[in-house]
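The values are calculated or read from the model by the stated rules, or taken from the named source; none is laboratory data. Everything numeric here is computed off the predicted structure, so don't read it as measured data. Methodologically, a virtual Cβ is constructed for each residue, glycine included, from the backbone with ideal geometry; neighbour enumeration extends over all protein chains shown. Surface areas here come from the heavy atoms of the whole protein model, side chains and all, with no ligands, DNA or RNA. Shrake-Rupley method; radii C 1.70, N 1.55, O 1.52, S 1.80 Å.
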Amino acid sequence: MAKHFLTLLDLTPAELNDVINRAIELKRMRNEGEIYEPMKNKVMGMIFEKSSTRTRISFEAGMAQFGGHAIFLSPRDTQLGRGEPIEDSARVISRMCDIIMIRTFEHEKIKKFAEYSNVPVINALTDDYHPCQLLADIQTYVEHRGSIQGKTVTWVGDGNNMCHSYINAARQFDFNLNIAVPEGYDPIESIVEAAGDRVKIFRNPADAVKDSDLVVTDVWASMGQEEEQKKREADFEGFMVDSELMSLAKDDALFMHCLPAHRGEEVSAEVIDGPQSVVFDEAENRLHAQKALIECLMGTMK
Ligand code: CP
Ligand code: NVA
């Protein structure tokens with residue numbers, strides 16, 4: 001059976017740490033101009049039902065650098081958008097491609113696709129999870145500060161797909177996670193409960209951020225929630241990560257955001273463009289971390 005990556009729980013903590021270390025190595029190799037083509041003649045199918053800049057470019061560039069090829073598939077010009085059953089699409093695409101990544105809405109959809117695919121399926125974001133981003137975030141933390149084990153991370157904002165993946169990361173990479181979220185926007189209860197006392201919910205961002213090693217936020221309205229933008233702006237008042245909030249974290253705390261960001265909403269320009277921000281390293285590391293993930297799922301990891 002193919003090895004899928006639908007959430008961070010699909011790999012063991014040891015496998016995840018191997019992916020992070022390998023990502024750092026692949027980054028070094030690329031920076032030194034080393035040609036490494038373990039995916040020669042291999043094809044990735046890339047299904048996007050939502051927009052993307054980083055995810056598309058990182059997977060497509062990664063496959064090209066690995067000597068392979070990637071096919072961008074949008075529902076607008078495939079039969080996926082005309083209602084061909086997921087089960088059939090999965091069986092067809094996985095007979096021709098060697099690995100598939102999917103960005104879609106309902107998490108159930110990618111689960112069903114993976115069930116019928118005989119090649120690895122990667123979750124490139126669903127309404128519930130964004131595990132690839134976490135590989136890049138952890139790589140970025142390790143590169144700047146060393147191991148994240150035992151550290152305190154604070155999530156400020158919506159209990160969304162990124163927040164859920166941070167909860168799973170807290171379990172798998174063994175760190176403490178404070179979540180500052182306004183009432184009504186909590187992460188899914190079962191995901192929080194499964195993480196035990198590593199995860200704590202706060203209503204006041206200042207209490208949550210105190211003494212943190214890493215502060216993370218994301219947009220208040222995710223893809224598919226555009227019509228809630230105005231209501232969310234009101235409900236998230238007081239949840240902007242600004243310099244005052246950052247000053248409550250540890251002096252050497254980092255700031256992360258998966259991007260795209262809205263300066264002046266969930267984060268001030270001063271913070272995201274300031275010295276504690278590592279958002280562009282995070283974005284670049286999507287490339288290296290996903291190349292390591294591809295190797296891991298394809299069983300070619302060194
Ligand atoms: N962070 C992220 O996944 O960005 P894109 O939506 O641009 O892929
Ligand atoms: N939570 C955001 C992440 C974008 C990368 C969204 O789902 O739109």
> In nm, to one decimal, how far is the modelled label at His69 from the one at Asp197, with both set 7 Å along Cα→Cβ?
Replying inline: 5.6
> Add -39500 (n - 2.57) for each DSSP H run of 4 or more in the chain, then divide by its residues: what number comes out at 222 nm, to the nearest 500 deg cm²/dmol?
Replying inline: -12500 deg cm²/dmol
>> Tell me which of Ala61, Asn41, Val153 sits at the most positive position along the dipole axis of the chain, charges placed on C-beta atoms (Lys, Arg +1; Asp, Glu -1).
In response: Asn41
> With axes computed from alpha carbons, what is the tilt in degrees of helix 131-145 against the longest principal axis of the chain, rounded to the nearest 10 within 0 to 90?
Replying inline: 60
> To the nearest 10 degrees, how steep is helix 161-173 against the longest Cα principal axis of the chain, on a 0 to 90 scale?
Replying inline: 90
> Straight-line reach from Lys112: which aspartates and glutamates have a Cα under 13 Å away, not including same-chain ones fewer than 8 places off?
Replying inline: Glu87, Asp88
>> Below 8 Å between Cα atoms, with a sequence gap of 6+, how large is the relative contact order for the chain in percent?
In response: 21
> Counting only protein heavy atoms and using a 1.4 Å probe, what share of the accessible area of the chain belongs to carbon plus sulfur, as a whole percent?
Replying inline: 48
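If you take the beta carbon distance between Thr300 and Val92 as r and set R0 to 30 Å, what does 1/(1 + (r/R0)^6) give as a FRET efficiency, to the nearest 0.05?
The value I calculate is 0.75.
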> Spin-label point model (7 Å from Cα, Cβ direction): what's the Gln225 to Asp174 distance in nm?
Replying inline: 3.3
>> Below 14 angstrom from the Cβ of Leu259, what's the summed charge of the other residues (Lys, Arg +1; Asp, Glu -1)?
In response: -4
> In debye to the nearest 20, how big a dipole does the stretch 46-153 give about its Cα centre with +1 on each Lys and Arg Cβ and -1 on each Asp and Glu Cβ?
Replying inline: 200
> Taking 0.36 nm per intervening residue step and subtracting the Cα-Cα distance, what contour gain separates Met1 from Lys112 on full extension?
Replying inline: 38.5 nm
>> Given Cβ point charges of +1 (Lys, Arg) and -1 (Asp, Glu) and nothing else, what value in debye, to the nearest 20, does the dipole of the chain about its Cα centre take?
In response: 1180
>> What do you get for the angle between helix 107-116 and the principal long axis of the chain? Use alpha-carbon atoms, 0 to 90 degrees, nearest ten.
In response: 20
>> Between Glu84 and Ala61, what's the calculated FRET efficiency when r is the beta-carbon distance and R0 is 25 Å? Round to 0.05.
In response: 0.30
> How much length is gained on full extension from Tyr36 to Thr53, taking 0.36 nm per residue of separation minus their Cα-Cα distance?
Replying inline: 3.7 nm
> Where a Cα-Cα gap under 27 Å defines reach, which lysines qualify for Lys230, not counting those fewer than 8 residues away within the same chain?
Replying inline: Lys50
>> Within 10 Å, at most 14 other Cβ atoms, and a DSSP state outside H, G, I, E, B define an exposed site. Report the longest part of the chain free of exposed GluC sites (Glu not before Pro).
In response: 107-182
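Are any of the pairs Lys151/Lys200; Lys3/Lys291; Lys250/Lys291 more than 25 Å apart by Cα-Cα distance, and if so, which? Provide the component values of the computation, followed by the final result.
On the way: Lys151/Lys200 14 Å; Lys3/Lys291 15 Å; Lys250/Lys291 32 Å.
Too far apart for the 25 Å limit: Lys250/Lys291.
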> Given the C-alpha centroids of the stretch 224-302 and the stretch 193-220, what is the distance between them in whole angstrom?
Replying inline: 14
